[in-house]
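Trainee: Once you've had a glance at the structure underneath, I'll fire off some questions.
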Amino acid sequence: MLDELAAIWLVGLLPRSRDTLLIAQWDEGFHSARVTAAGNAETARMHSDVTERIRVTRRLDFIS
């Protein structure tokens, strides 16, 4: 899992993605993976609920 995250987030300036929708998806996946890795099913469920509610805001954050 860490190798996958590093391949996305630890890149130089030129190879960085400019696709804001994709970046928002990566950001959501990053946070979800961290919560899931903690091993608490209830926390993961709550995080999923919050993620659903803030998805539009997260995407807008990467556009501005």
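Trainee: On the full set of protein chains, 1.4 Å probe, figure out the accessible area of Met46 and give it in Å² to the nearest 10.
Mentor: 90
Trainee: A follow-up question, please. Taking θ as phi - 60°, what are the ³J(HN,Hα) couplings along region 33-44 by the Karplus curve (6.51, -1.76, 1.60), each to the nearest whole Hz, with x for Gly and Pro?
Mentor: 5, 5, 5, 5, 4, 5, x, 9, 4, 5, 5, 4
Trainee: If ligands, DNA and RNA are left out, what is the accessible area of Asp19 with a 1.4 Å probe, given in Å² to the nearest 10?
Mentor: 80
Trainee: What does the helix-only formula give at 222 nm for the chain: each DSSP H stretch with n ≥ 4 adding -39500 (n - 2.57), the total divided by the residues, and the result rounded to the nearest 500 deg cm²/dmol?
Mentor: -25500 deg cm²/dmol
Trainee: Which is the longest run of the chain containing none of the trypsin sites (Lys or Arg not before Pro) found in DSSP loop states (not H, G, I, E, B) with at most 15 other C-beta atoms within 10 Å?
Mentor: Longest site-free region, per DSSP loop and neighbour criteria: 19-64.
Trainee: Semi-axes, largest first, in whole Å: what does sqrt of 5 times each Cα gyration tensor eigenvalue give for the chain?
Mentor: 23, 17, 5
Trainee: How much accessible area per residue does the chain have, counting only protein heavy atoms and a probe of 1.4 Å, in square angstrom?
Mentor: Computed with neighbouring chains in place, this is 78 Å² per residue.
The values are calculated or read from the model by the stated rules, or taken from the named source; none is laboratory data. Computed from a predicted model, the values in this text were never measured in an experiment. Quick reminder, even Gly has a Cβ in these numbers, built from the backbone with ideal geometry, and neighbours come from all protein chains shown. Ligands, DNA and RNA are stripped out before the accessible areas are found, and what is left, the full protein with its side chains, is counted by its heavy atoms. Shrake-Rupley method; radii C 1.70, N 1.55, O 1.52, S 1.80 Å.
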